[in-house]
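Enquirer: This is the structure, below, for whatever I ask next.
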Amino acid sequence: MPVPIALRLQRIPPYPFEEIAKIKAKKLAQGAKLVDLGIGDPDLPTPPHIVEALCEAAHDPSTHAYDESGFGLPAFREAVAQWYRSRFGVALDPGCEIQSLIGSKEGIAHIFLAYLNPGDYSLVPDPRYMVYSTGTMFAGGSYYQMPLDAQRGYLPDLAAIPPDVARNARLLFLNYPNNPTGAVAPLGFFNEVVEFGHRNNVLVCHDCAYSEVAYDGLRVPSILQAEGAKEVCIEFHSLSKTYNMTGWRVGFAVGNKEAIAALSKVKTNVDSGVFMAVQRAAIAALTGPQDCVKQMQAAYQERRDRLVPGLNALGWQVPKPKATFYVWAPVLGGLASADFAARLLDQGNVLLIPGSLYGSHGEGFVRMSLTIKGPEKTDLIEQALTGIGQVLRGL
Ligand SMILES: *Cc1c(COP(=O)(O)O)cnc(C)c1O
């Protein structure tokens, strides 16, 4: 008999993409030609000057040891501070307001251990990136889901949070530009959130992984631009989406110094930091030429501007996202999102993700990613439109 796994792990549902990966493998084994608009993972390579910086650093034996700083190399934190000041106009103290992360997901998952006692609440969006709720469960906490509705621009209604929940909450998680809806938040909304944090003594955690994936020249704000934000906010950033570096595992947290210290204390007991050669490559990314970021934006924008008008021409009214590489589209034909996605996969050979996997308020939507694995992206978009068109005509 296998050793029973802990309840905290049993309670966590299987990572949803595992199911989809299984269906995909089955279809591929049957010889189907699929267009995969599923997982959001940049298909463009990491820019060469960043790869070069890694190679050079990896040949320097002084990068091979533990990074004993705990917070990340001083030069890495300086590079983050410089990037942050030029991008958002916010000054950060590299001595106490910046923490290196093994990808932002790592920091997001660990912040719950720093702040939740068993029974404490976190406030999380619905739909959402699932780590906010699974991180809560790992820490023995409970989560209250704040609905994100299209009519409110996918911004939560803070006034609708019951007072007793707000009182028992320690953390509030937000994510703009938003996965999965593609929504962006104006600075005015961040001001309201910061005020909520002050009033309820809640640490506001903002996942800003998509800050640079924005279109038509849009520059989205950081929550630290809001008045008084550093007293109650921590913001998570990642090099993954900005520089096509998902596999490299490097990101950072910035903001409230007590929160940075608490996160750091969890991390020093769990991991031993980011490989120093990867930190040096990250410095090259943050301080080097930024045309690669413009190229990344242009590539997704071109795909967005082919896919969305194509869907509209098929009679599917889908809005163009202003940011992120996700298209969030209402389900047609009165089907559940999982059934709609299954039909698109079976009959249209297009893989996309049912909105219900992101929470109950994701029901009624599907998510398409503009990251497309395969040689000819435009051909694949045409192929997807053909497959989707066939399915829609049969509804
Ligand atoms: C991709 C993603 C991240 C995690 O990125 P890392 O590779 O761990 O830095 C965090 N939040 C959201 C919403 C994401 O989609």
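The values are calculated or read from the model by the stated rules, or taken from the named source; none is laboratory data. All figures in this text were calculated on a predicted structure; none of them were measured in a lab. Every residue, glycine among them, receives a Cβ derived from its backbone with ideal geometry; neighbour counts consider all protein chains shown.
Enquirer: Restricting to region 195-219, count the residues that are over 15 Å from the mean Cα position of the chain (by Cα) and closer than 30 Å to VAL274 by Cα.
Expert: The number of residues fulfilling the criteria is 4.
Enquirer: Applying the selection to region 150-205, what residues are surrounded by fewer than 16 Cβ atoms within 10 Å (Cβ to Cβ) and of a type in the set (Gly, Ala, Ser)?
Expert: Of everything in region 150-205, those that are surrounded by fewer than 16 Cβ atoms within 10 Å (Cβ to Cβ) and of a type in the set (Gly, Ala, Ser) turn out to be ALA150, GLY153, ALA159, ALA160, GLY188.
Enquirer: Which of the residues spanning region 272-289 are more than 15 Å from GLU106 (Cβ to Cβ) and either buried (at least 19 other Cβ atoms within 10 Å of the Cβ) or within 16 Å of the ligand (Cβ to nearest atom) (or both)?
Expert: Initial filter on region 272-289 (more than 15 Å from GLU106 (Cβ to Cβ)): 276-277, 280-281, 283-289.
Answer for region 272-289, where residues must be more than 15 Å from GLU106 (Cβ to Cβ) and either buried (at least 19 other Cβ atoms within 10 Å of the Cβ) or within 16 Å of the ligand (Cβ to nearest atom) (or both): MET276, ALA277, ARG280, ALA281, ILE283, ALA284, ALA285, LEU286.
Enquirer: May I pose another question? May I ask you to list the residues in region 347-367 that are farther than 10 Å from PRO180 by Cβ and in contact (Cβ under 8 Å) with a residue 60 or more places away in the chain?
Expert: Step one: filter region 347-367 for residues farther than 10 Å from PRO180 by Cβ, giving 347-352, 354, 356, 360-361, 363-364.
Across region 347-367, the qualifying residues are ASN349, VAL350, LEU351, LEU352, SER360, HIS361.
Enquirer: With the structure loaded, tell me whether ALA209 is more than 16 Å from ILE108 (Cα to Cα), in contact (Cβ under 8 Å) with a residue 12 or more places away in the chain and out of contact with any Leu (no Cβ under 7 Å at 6 or more places or on another chain) or whether it fails that test. Talk me through it step by step, then tell me what you get.
Expert: Values: more than 16 Å from ILE108 (Cα to Cα): no; in contact (Cβ under 8 Å) with a residue 12 or more places away in the chain: yes; out of contact with any Leu (no Cβ under 7 Å at 6 or more places or on another chain): yes.
Judged against the criteria, ALA209 is not a match.
Enquirer: List the helices (runs of 4 or more DSSP H) that sit entirely inside region 29-119 and contain at least 3 residues that are over 19 Å from CYS205 (Cα atoms).
Expert: The helices (runs of 4 or more DSSP H) meeting that bar are 48-58, 74-88.
Enquirer: Kindly indicate whether any position in region 291-309 is within 27 Å of ASN244 (Cα to Cα), over 23 Å from the mean Cα position of the chain (by Cα), in a helix (DSSP H, G or I) and not assigned by TED's automatic domain parsing to the domain that holds ALA209. Show your work before the answer.
Expert: Narrowing region 291-309 to residues within 27 Å of ASN244 (Cα to Cα): 291-309.
After this cut, where a residue has to be over 23 Å from the mean Cα position of the chain (by Cα) as well, the list is 306, 309.
Those left that are additionally in a helix (DSSP H, G or I): 306, 309.
Narrowing the set further to residues that are not assigned by TED's automatic domain parsing to the domain that holds ALA209 leaves 306, 309.
Yes, some residue in region 291-309 is within 27 Å of ASN244 (Cα to Cα), over 23 Å from the mean Cα position of the chain (by Cα), in a helix (DSSP H, G or I) and not assigned by TED's automatic domain parsing to the domain that holds ALA209.
Enquirer: Continuing with the same structure: If you go through region 151-161 one residue at a time, do you hit one that is under 24 Å from SER337 (Cα atoms), assigned to a helix (DSSP H, G or I) and away from the ligand (no atom under 16 Å from the Cβ)?
Expert: Yes.
Enquirer: Then there is this: Out of region 246-271, which residues are in a loop (DSSP other than H, G, I, E, B), surrounded by fewer than 24 Cβ atoms within 10 Å (Cβ to Cβ) and under 16 Å from the mean Cα position of the chain (by Cα)?
Expert: Passing the criteria: only ARG249.
Enquirer: Let me ask something else about it. Of all residues in region 202-245, which are in a loop (DSSP other than H, G, I, E, B), among the aliphatic types (A, V, I, L, M) and in contact with a helix residue (DSSP H, G or I) (Cβ under 6 Å, 6 or more places away or on another chain)?
Expert: ALA209, ALA226, VAL232, LEU239
Enquirer: May I ask you to list the residues in region 310-353 that are assigned to a helix (DSSP H, G or I) and surrounded by 15 or more Cβ atoms within 10 Å (Cβ to Cβ)? Write out each step before concluding.
Expert: Applying the first criterion (assigned to a helix (DSSP H, G or I)) to region 310-353 yields 310-313, 337-348.
Result: GLY310, LEU311, SER337, ALA338, PHE340, ALA341, ARG343, LEU344, LEU345, GLY348.
Enquirer: Hey, another quick one. Out of the residues in region 103-141 meeting the condition of being of a type in the set (S, T, N, Q) and more than 12 Å from the ligand (Cβ to nearest atom), tell me which one is surrounded by the most Cβ atoms within 10 Å (Cβ to Cβ).
Expert: Across region 103-141, the extreme among qualifying residues is SER122.
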